[in-house]
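K.L.:
The structure that follows is given in the form of structure tokens.
The values are calculated or read from the model by the stated rules, or taken from the named source; none is laboratory data. All of these numbers come straight from a predicted model, not from anything done at the bench. Note that we place each Cβ from the backbone using ideal geometry, even for glycine, and neighbour counts take in every protein chain shown.
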Amino acid sequence: ELSQSIVIRAPAPQTSNKMFKLVVLAAALAVANAGLIGAPVAYSSPVAYASPAYGATHESTVRSLDGNAAVTTYSKAVDTAFSSVRKYDSRASNDAQILAHAPVAAYAAPAA
């Protein structure tokens, strides 16, 4: 009679080490596929950069000596890397009241 013996062996330490490496590799690939690891610098999108804008405004009001008339000017300039805008406005006002003279008589009563 032949007797058969069944021997169950525990996995060798090298096999579990290989499995650990495989799990780590799979996790690294999952993280890279999710986008958590940046692409190489040559292929990444450029950093967002806001181009500077320079602006200037000027406003002045010149009044007459009696304060009734005034000329107001306003100017504004905005320059960016892509456009340039200029605005100019000038207004004149005269707040002087018109003096009403007494009406001249159109006719006079006949002299008696």
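K.L.:
Considering only residues that are more than 30 Å from Ser51 (Cβ to Cβ) and either of a type in the set (Val, Ile, Thr) or assigned to a strand (DSSP E or B) (or both), look in segment 62-82 and name the one that is nearest to the chain's Cα centre (by Cα).
P.N.:
For segment 62-82, the residue satisfying everything is Thr72.
K.L.:
Quick test for you: out of Gly67, Gly55, pick the one residue that is closer than 30 Å to Ser93 by Cα, small (Gly, Ala, Ser) and modelled with pLDDT under 90.
P.N.:
Gly67
K.L.:
Filter segment 83-105 down to residues that are at pLDDT 85 or above and either among the small types (Gly, Ala, Ser) or in a loop (DSSP other than H, G, I, E, B) (or both) and give me whichever is nearest to His58 (Cα to Cα).
P.N.:
Result: Ser90.
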